[in-house]
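Reviewing the structure listed below.
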Amino acid sequence: MKKGQAAMEFLMTYGWAILVVLVAIGALAYFGVLSPDRFLPEKCVISTGSGLFCDEFSSSASADTVTLRIHNILTESAWVDSITISAPSCSFATADTQIAADATADFVLACAGGLTSGDKIKGAITVAFDAGSAAGSGLPKSATGQIVTTVP
């Protein structure tokens, strides 16, 4: 009888301790303390093989826009046809905007549905462009990437 009682006391003691830990973790998750979105760094990345890089980025709740500064490291001009962000739905669609060789250009993407201060933007970036000495002289290309930022 003594061995059974000792085993039961052991299980009850550790059972209550585990239950308290689970309740504490549940409470932290419920109140958003353990939300992984809080720990994601802000970044803007475009695929490395494309020759285009996202130098800087910003967002504006008052203008409902996301601004990307894209750097062209190619030896010839890049002619950007469109840039889109998947979530929220933001786009820039002015055909044949030139980024000279080893230069940067700013692109202002209008966001449908608007942006709210404090919102987290986490979406896929798609850049449609061609490279060449004149607009339309090169084959059409597409570069993809990702943006993560918080709307100020």
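The values are calculated or read from the model by the stated rules, or taken from the named source; none is laboratory data. What you see is a predicted model, and the numbers here were worked out from it, not measured in a lab. Note that we place each Cβ from the backbone using ideal geometry, even for glycine, and neighbour counts take in every protein chain shown.
Of note:
- Residue that is surrounded by the most Cβ atoms within 10 Å (Cβ to Cβ), among those in region 82-118 that are in contact with a Ser or Thr (Cβ under 7 Å, 6 or more places away or on another chain) and modelled with pLDDT under 85: 93
- Qualifying residue in region 4-12 (condition: of a type in the set (S, T, N, Q) and within 22 Å of the chain's Cα centre (by Cα)): no
- Cβ separations smaller than 9 Å between residues 6+ apart or across chains give the following pairs from region 76-98 residues that are at positive phi to residues that are in a strand (DSSP E or B) and of a type in the set (Asp, Glu): 96/81; 96/130.
- Residues that are polar (S, T, N, Q) and assigned to a helix (DSSP H, G or I) were ranked within region 15-69; the one that is modelled with the highest pLDDT is 50.
- With a requirement of 1 or more residues that are within 21 Å of residue 55 (Cβ to Cβ) and in contact with a helix residue (DSSP H, G or I) (Cβ under 8 Å, 6 or more places away or on another chain), the strands (runs of 3 or more DSSP E) lying completely within region 79-151 that satisfy it span 120-131, 140-150.
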